[in-house]
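Participant: First, the structure itself, so that you have it in front of you.
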Amino acid sequence: MQRSRDWKRCLVIGSEICRQKSQYGFINEVANEVSHAPPGHVFQPAAALIHSCMFFPFRQIANAAVSFLPAMTTALALCTAQATTADAAELRQYHYEQVSISACHIDLQQDALRMYWKDPAGNLFGTFANLRAWLRPQGKDLLCATNAGIYDKDHRPLGLYIENGVTLRKLNTRQNAYGNFYLQPNGVFIVEEKQARIVDTASVDSDRPRWLSTALYATQSGPIMLRNGEINAAFDPASINLFVRNAVCIDPSQKIVLAMARNPITFHDFARFLRDKLHCVDALYLDGNVSRIYPSLEADIGPAFGAIIGVEKVIPQK
């Protein structure tokens, strides 16, 4: 059963790539094919995946390729090995009211969640590619990542930012200003040893030793989207304010999710997805149209952003 689930997981990830490449919605065809594949019959969904990624003139080539069983076996075995040995953090794809949403599910009991702004020489990372290039000589890489909040024109976090227990940017308590950061209540995502929390800015400001003395990482942003399972009252269910958005949220079991709506969505609908589909109780908006998530085809397409939040993995030694 585990092997069957691994095939399906690997192929569904592949089908999402196909969907992005083709933009013809073949993901539904592939997902249906995978879900009905008998256990052990791996070449049938594999063929469906190849077919879905190709246009008609090339499908005859795909049929011929499937006949090369040794090569297919090797490729699919590598895929299964990757699926079965992965860390707990996992990027999943969701479709919610015609919006494609990527979500990285993180367990702090197993996963190494970090934030990154600049390298030791003071150079901005700015992109996932730059960060990965810095991690690799250390024998590390990213499992998943996204931008870690709103920043100014100089790529400095607009509010509180703590990295490796060091406060690099102070708490921003300003309220009456323009921009999503200042929509109330805004808040801070705080990562401690084996746990995390989202706390509104006013509470953090009123008792900084309580909330920040044990913080390993923190990023301030806004607005808070969910608090104790309640959607921010400022969000209008009838809003037509549609943007690409990303957020961090926490479920009742202390699992963390980095989520990105890759198609435009309203604040209210995004918050409802985080609550109803991901079962988060607290959520903090990170940013809008500049947002990207790794891994994805467009992860490094676009301008540099400020800080990055991600899960590290150790690269296996060969």
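Participant: Below 10 angstrom from the Cβ of residue 104, what's the summed charge of the other residues (Lys, Arg +1; Asp, Glu -1)? Let's see the in-between values first.
Facilitator: On the way: positive: 92; negative: 90, 111.
Computed value for this residue: -1.
Participant: Turning to a different aspect of this structure: Along the three principal axes, how long is the range 127-259 when you take its alpha carbons, biggest first, rounded to the nearest angstrom?
Facilitator: Its Cα atoms span 48, 37, 36 Å along the three principal axes.
Participant: Here is a further query. For the pairs 118/140; 153/313; 170/313; 255/318, note any where the Cα-Cα span goes beyond 24 Å.
Facilitator: Violating the 24 Å Cα-Cα cut-off are 153/313; 170/313; 255/318.
Participant: Please compute, for the alpha-carbon atoms of the range 214-284, the extent along each of the three principal axes and give them in descending order in Å.
Facilitator: Principal extents (largest minus smallest coordinate, Cα): 40, 21, 20 Å.
Every read-out reported here was derived from the displayed coordinates using simple, explicitly stated rules and does not represent laboratory data. Computed from a prediction, not measured in an experiment: that's the story for all the values here. All Cβ positions, even for glycine, are placed from backbone atoms using ideal geometry, and neighbour counts span all protein chains on display.
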